[in-house]
Amino acid sequence: MASDRTPIQVPELPESVADATVIALHKKAGDAVKRDELIAELETDKVVLEVSAPSAGTLVELSANEGDVVKADAILGYLGPAEAAPEDPDEETEDEAAPSRASTATEGGKPASVATGDREEKPAAASSPEPAPSGAGNGAAGSPPPTPAVRRLLQEAGLRPEDVEGTGDDGRIQRADVERARSDRSAPAASSTPSGSVGAARPQAHPADPGDRAERIERVPMTRLRARIAERLLEAKQTTAMLTTFNEVDMSAAMALRSRYKEPFEKRHSIKLGFMGLFVAAASRALERFPVVNAALDGEEIVYHHYSDIGIAVSSSRGLVVPVLRDTGNASIAEIERRIRDYAERARDGKLDIDELRGGTFTITNGGVFGSLFSTPILNPPQSAILGMHAIKERPVAVDGEVVVRPMMYVALSYDHRLVDGAEAVQFLVAIKDAIEDPARLLLDV
């Protein structure tokens with residue numbers, strides 16, 4: 001009965017997001033589901049939203065397909081009582097329906113594909129002797145799909161999941177499996193050397209077959225997040241008068257502080273002491289001294305924020321996201337480090353909430369974790385400034401008339417010159433430099 005059906009709806013979307021794309025369906029019509037069991041994943045231009053079963057039952061109808069664009073509160077399908085079966089009397093049995101599902105992966109005569117984060121899921125070939133089981137194309141038949149991190153490794157190695165033998169639970173592909181498959185593929189074939197010749201024979205170079213080159217080109221739709229990142233970066237370049245000032249920080253005192261208190265800090269707070277916590281605390285103090293760096297332009301008005309909500313750029317499998325640390329001026333370094341770790345872990349799993357990505361009055365990005373020595377960060381509108389941290393490298397520097405080797409970090413502050421004057425930007429960066437080089441300033445607020 002229709003009255004027994006429970007609708008499965010698209011969750012409420014943030015006001016700045018008009019729709020979402022269905023990037024994964026984890027259930028199909030006829031499947032029994034438990035309460036809160038994952039049914040679908042939706043991608044907005046900010047986060048991935050999970051749609052779970054509102055109650056236990058049977059999925060009697062599923063009206064959305066992977067790749068569909070849906071609005072807030074749209075109906076994705078319906079749940080019926082646990083003993084219910086799909087209502088369509090002409091519904092095919094499981095064995096009959098499977099080949100049909102394999103063939104529906106084409107649209108307009110062309111293979112359809114769905115971009116899910118960093119991978120592209122491709123349909124099974126129509127000539128397959130039997131339909132691909134759930135999870136096919138991920139190592140052995142029926143094995144669980146690889147994690148996003150492993151999917152990224154597969155893409156970087158130019159491997160398909162079916163090319164790799166998984167050694168994890170139920171045949172899941174592990175990082176080591178990908179590395180082994182890449183090594184096996186790139187291992188040079190043994191070459192025979194004619195008797196009396198010196199050294200190994202060099203293989204003859206042959207021009208690549210044009211047809212083979214065409215087969216090695218892959219086109220993948222941009223994810224909504226990547227498209228949004230591109231849009232925001234272009235907006236920043238076109239709508240702001242961006243300028244960057246640079247400085248260098250002697251990390252000796254900060255490293256000594258970390259080395260001395262690392263163990264008691266972790267024992268007391270159950271979190272490791274990192275440099276990001278110190279930089280966030282230093283930036284919070286500097287924002288209080290130079291409020292224009294913490295301000296934003298809104299038409300003909302300047303909006304001053306009498307609080308510091310600092311965004312931390314975090315790399316995830318879907319791209320760069322910037323969760324916001326709220327009211328950092330009133331947070332301890334331990335609390336800041338705890339929030340950063342939580343955000344980083346949930347960003348990797350795609351579990352950040354929309355509200356955690358909203359707002360922000362200032363941003364810090366740390367390219368040093370990837371080895372960057374020097375870069376120019378791009379503004380995150382409508383914010384007026386962003387701080388870039390970089391790798392710590394030992395370099396010779398002059399101290400009190402002598403050349404000594406110190407662990408140094410280049411720092412960069414990009415700012416909107418329409419709002420922030422050069423003198424204020426330079427003094428702001430120097431305030432951060434002074435606080436990191438003498439961490440007692442953070443305690444004494446000087």
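Look through the stretch 400-446, keep the residues that are in contact (Cβ under 8 Å) with a residue 40 or more places away in the chain, of a type in the set (Val, Ile, Thr) and open to solvent by 40 Å² or more (accessible area, probe 1.4 Å), and return whichever of them is nearest to Ala334 (Cα to Cα). So, considering only residues that are in contact (Cβ under 8 Å) with a residue 40 or more places away in the chain, of a type in the set (Val, Ile, Thr) and open to solvent by 40 Å² or more (accessible area, probe 1.4 Å), the one nearest to Ala334 (Cα to Cα) is Val430.
One line per residue, one yes/no per condition, for (1) modelled with pLDDT under 90; (2) open to solvent by 60 Å² or more (accessible area, probe 1.4 Å):
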{"site": "Ala295", "(1), (2)": "no, no"}
{"site": "His306", "(1), (2)": "no, yes"}
{"site": "Val314", "(1), (2)": "yes, no"}
{"site": "Arg318", "(1), (2)": "yes, no"}
{"site": "Val324", "(1), (2)": "no, no"}
{"site": "Asn330", "(1), (2)": "no, yes"}
{"site": "Glu337", "(1), (2)": "no, no"}
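Would a scan of the stretch 70-88 turn up a residue that is surrounded by 16 or more Cβ atoms within 10 Å (Cβ to Cβ) and modelled with pLDDT under 80? Yes, the stretch 70-88 contains a residue that is surrounded by 16 or more Cβ atoms within 10 Å (Cβ to Cβ) and modelled with pLDDT under 80. When Glu288, Glu266 are checked against the criterion of being farther than 20 Å from Val411 by Cα and open to solvent by 40 Å² or more (accessible area, probe 1.4 Å), a single residue qualifies: Glu266.
Pick from the stretch 42-74 the residues that are free of Cβ contacts under 8 Å to residues at least 24 places away in the same chain and part of a strand (DSSP E or B): which of them is farthest from Arg232 (Cα to Cα)? Spell out how you get there, then give the answer.
Here is the first cut: in the stretch 42-74, the residues free of Cβ contacts under 8 Å to residues at least 24 places away in the same chain are 50, 52, 63.
Of the ones still in play, those that are also part of a strand (DSSP E or B) are 50, 52.
Values: Glu50: 25, Ser52: 31 Å.
Filtering first and then ranking leaves Ser52.
Condition check: modelled with pLDDT of 95 or more, at negative phi and of a type in the set (Val, Ile, Thr). Does Ile271 satisfy that? Against the criterion (modelled with pLDDT of 95 or more, at negative phi and of a type in the set (Val, Ile, Thr)), Ile271 does not qualify.
Name the residues in the stretch 384-397 that are farther than 20 Å from Val430 by Cβ and either in contact with a Lys or Arg (Cβ under 7 Å, 6 or more places away or on another chain) or in contact (Cβ under 8 Å) with a residue 12 or more places away in the chain (or both), would you?
So the first thing to find is which residues in the stretch 384-397 are farther than 20 Å from Val430 by Cβ, and the list is 391, 393-394, 396.
Hits for the stretch 384-397 are Ala391, Lys393, Glu394.
The values are calculated or read from the model by the stated rules, or taken from the named source; none is laboratory data. Just so it is clear, the model here is predicted, and its values are computed rather than measured. Every residue, glycine as well, gets a Cβ built from its backbone with ideal geometry; the counts of neighbours run over all protein chains shown. Ligands, DNA and RNA are excluded from the accessible area calculation, which covers all protein heavy atoms including side chains. Shrake-Rupley method; radii C 1.70, N 1.55, O 1.52, S 1.80 Å.
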